[in-house]
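The numbers here are math on the coordinates, done by the rules we state, and not lab data. As the structure is a prediction and not an experimental result, all values here were calculated from the model. Here the Cβ positions follow ideal geometry from the backbone for every residue, glycine too, while neighbour counts run over all protein chains shown.
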């Protein structure tokens, strides 16, 4: 082979969301491209066996991968990239499991509202079927010292947490911060406010990076809303939301009106706010009961919280605290947009 003939080749790690129930999971496979990628148009569509991802039957299993967003691969480095894809049918129409296409249509429909979202992703490090760092039998000391804790006796898995934050920033993810959570081995990363599609895409890319790095540590990542039953905090995906009208003078009144709309569609939202969420939304551990809707100012036990700085300014955003850590952000953001900006969300419309 002539010198440097293969030097321009790059590895594109294609990732997509499968059809697993009740909670979809990420899949990925690498494709070698002949040249570095300069734009989304440089990345070809690809295919996969949908019968192995619960997205097709064996006799007609071809599904397509449509690249929709990419970022530098912070693990492989160089010109290598990670490619987020939508799943499409063989005729290039959106697959039934493609919830992103539904959100994209709503983004276009409600563009004049200029909606922005910011998601706080909680998760739990696991190893050998138990939270990472927990004793093989029994439990660690009660909750109290773990939230934002410092020290080997309270911070379980900091190396992996730190690496995901740093490599995420290196890859261009809009990570705004993170922290150790109330339950030991539970952590959180947060994303800056972004338009709906970008926010949801970045959440999946951030999840992929976290899960993939966990392979190097022998640690799995759980997004279960209640990974440990009993007197332990659950894991949520608190979703911050605002429209242009909420961010302008007089916005607090618009936020209050939005909360009234959300109350009317509470149970419809709950249907797409994460599997097993009833184990988390009990009215304890900073949650409101799944059977109740309540919004409050500065109330972390409410379904929707309006922070005190927002109240003081009279404008800003609201925080929907109901979504579970295993939320599909495309579904959750669709639900909020259709209820707050439209005529109301109905999951049956999409057979969700």
request  = Using Cα pairs closer than 8 Å and at least 6 residues apart in sequence, work out the relative contact order for segment 9-139, in percent.
outcome  = 20
ask   = Which of 53, 282 comes first, and how do the rest follow, when ranked by fewest Cβ neighbours within 10 Å?
value = 282, 53
task = Would you mind calculating the relative contact order of the chain from Cα pairs under 8 angstrom and at least 6 residues apart, reporting the percent as a whole number?
result = 15
Viscosity 1.567 mPa s, 4 °C: Kirkwood-radius Stokes-Einstein D of segment 8-109 over Cα pairs, µm²/s = 90
request  = Name all residues of segment 306-349 having a backbone nitrogen under 18 Å from the label point set 7 Å from the Cα of residue 286 along its Cα→Cβ direction, giving them as ranges.
outcome  = 306-310, 318-327
task = Would you mind ranking 239, 334 by Cβ crowding within 10 Å, fewest neighbours first?
result = 239, 334
Estimated inter-spin distance, residue 9 and residue 257, nm [label 7 Å along Cα→Cβ] = 5.9
ask   = For the chain, what proportion of DSSP beta bridges, expressed in % and rounded to the nearest 5, is antiparallel?
value = 90
message = Taking R0 as 22 Å, what FRET efficiency do you get between residue 38 and residue 108 from their Cβ-Cβ distance, rounded to the nearest 0.05?
response = 0.25
remark   = Once residue 351 and residue 143 are pulled to full extension, the length gained, defined as 0.36 nm per residue separation minus their Cα-Cα distance, is 70.9 nm
ask   = Can you sort 267, 246 by how many other beta carbons sit within 10 Å, fewest first?
value = 267, 246
remark   = Stretched fully, the stretch from residue 26 through residue 248 gains (0.36 nm per residue minus C-alpha distance, one decimal, in nm) 76.1 nm
key: Principal axis box of segment 287-352, alpha-carbon based, largest edge first, Å   = 40, 25, 19
query = What number, in nm² with one decimal, is the all-direction average of the projected area of the convex hull of the alpha-carbon atoms of segment 232-320?
reply = 5.5
remark   = Subtracting the Cα-Cα distance of residue 162 and residue 278 from 0.36 nm times their residue separation yields 38.7 nm
key: Calculated [θ] (222 nm, deg cm²/dmol) that DSSP helices of n ≥ 4 give over the chain, each run adding -39,500 (n - 2.57)   = -7500 deg cm²/dmol
